[in-house]
Amino acid sequence: MPHLVARIGLAPGETDPDALYEVIPQRHTNRGPYELDRPVPKDALEAMARMADDDIRLLLFTEEPQRSRFAEAVVAATEAIVADHEMVRDSQRWIRSTREAVAKHRDGPTLDAAGLSPLITALAKVLPPPSAERGHRLWLEATREVQVATAPAFGFLAVRNLDDRAHALRAGRLWQRLHLYATTRGLAMHPVNQPVELADRERQLGRAPEAARRLAALTESAAWRPSFAFRMGYPLRDAALSPRRALADVVL
Ligand SMILES: Cc1cc2nc3c(=O)[nH]c(=O)nc-3n(C[C@H](O)[C@H](O)[C@H](O)COP(=O)(O)O)c2cc1C
């Protein structure tokens, strides 16, 4: 069911010089390995913290043992999602594993943007696409062995009320700004929302809030609820380009 969340008017004109605007074409999710031993500079973390506000908090995890606990929560949530047949089936609908599917939808996760090495990407393109179950098991493996294993920093965007749509939208806007800022600094980012999705899934099914409790233990707060989770660091490989729709397809 569509909801009107914003009206955006576009008109031809000059743009003000803006570092974040300049890097829009370069900003891409990077699902590959990062340099674990190269920390995110303190001034970059501070600049990012200043971009948050009283409604949307940015919580950063760069020190042990918090960093490892965050990584464990992402892996545990990925395991739970991979074991949930309905979640696997629903996320499979978004996966674009053939050239035809990418051309048709111009959205969703693609093989190119999966963060695999160039050799494995080339091999995967000539093999038949994996089943939903096998694809999700490979995702769990990449999450555990590469994505959380190589991230020097993790973070949450947290809100007071997960059902507040205006705050959800603002969290998304902050994520884009943080990602653009990271791009200006040569840093890579990648959402790893599995713990947040699992807490949503528990709410949806009316289950005991174990994932939510795990999140609260990480944030040390029951009042601030994570609505977005990510990893960050200096990338070992450039991010691959993800599909974009033509302007004419998205402007009314
Ligand atoms: C709300 C939201 C949550 C997302 N969560 C994840 C995630 O957990 N893992 C992931 O790999 N991509 C996730 N994505 C997708 C990427 O962040 C990205 O939007 C998409 O792959 C397009 O790639 P781009 O960064 O190159 O524009 C999410 C996107 C949105 C809007």
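So here's what we get for this one:
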item: Sole residue being farther than 27 Å from G32 by Cβ, open to solvent by less than 70 Å² (accessible area, probe 1.4 Å), in contact (Cβ under 8 Å) with a residue 12 or more places away in the chain and away from the ligand (no atom under 11 Å from the Cβ), chosen from V148, V159; result: V159
item: Residue check for P41: away from the ligand (no atom under 16 Å from the Cβ) and open to solvent by 70 Å² or more (accessible area, probe 1.4 Å); result: no
item: Options A239, A208: the member that is surrounded by fewer than 21 Cβ atoms within 10 Å (Cβ to Cβ), of a type outside the set (V, I, T), over 15 Å from R57 (Cβ atoms) and within 11 Å of the ligand (Cβ to nearest atom); result: A239
item: Test for T219: is it more than 10 Å from the ligand (Cβ to nearest atom) and open to solvent by 40 Å² or more (accessible area, probe 1.4 Å); result: no
item: Enumeration of residues in the stretch 165-206 that are among the charged types (D, E, K, R), touching a helix residue (DSSP H, G or I) at 6+ places or on another chain (Cβ under 9 Å) and closer than 20 Å to A223 by Cα; result: E197, D200, R201, E202, R203
item: Counted residues, the stretch 108-137 - those being part of a loop (DSSP other than H, G, I, E, B) and surrounded by 14 or more Cβ atoms within 10 Å (Cβ to Cβ); result: 7
item: V74, sole failed condition from (1) under 20 Å from A182 (Cβ atoms); (2) more than 15 Å from the chain's Cα centre (by Cα); (3) among the β-branched types (V, I, T); (4) within 15 Å of the ligand (Cβ to nearest atom); result: (2)
item: Condition broken by L140, with the remaining ones in (1) of a type in the set (A, V, I, L, M); (2) more than 18 Å from the chain's Cα centre (by Cα); (3) modelled with pLDDT of 95 or more satisfied; result: (2)
item: Subset of the stretch 222-236 (residues that are within 16 Å of V159 (Cα to Cα), buried (at least 19 other Cβ atoms within 10 Å of the Cβ) and away from the ligand (no atom under 13 Å from the Cβ)); result: R225
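Listed here are the residues, each with its yes/no results for (1) open to solvent by 40 Å² or more (accessible area, probe 1.4 Å); (2) in contact (Cβ under 8 Å) with a residue 60 or more places away in the chain; (3) away from the ligand (no atom under 13 Å from the Cβ).
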position: R177; (1), (2), (3): yes, yes, yes
position: Q194; (1), (2), (3): no, yes, no
position: Q204; (1), (2), (3): yes, no, yes
position: A212; (1), (2), (3): no, no, yes
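The values are calculated or read from the model by the stated rules, or taken from the named source; none is laboratory data. Computed from a predicted model, the values in this text were never measured in an experiment. Quick reminder, even Gly has a Cβ in these numbers, built from the backbone with ideal geometry, and neighbours come from all protein chains shown. Protein only, heavy atoms only, side chains kept; ligands, DNA and RNA dropped before computing areas. Shrake-Rupley method; radii C 1.70, N 1.55, O 1.52, S 1.80 Å.
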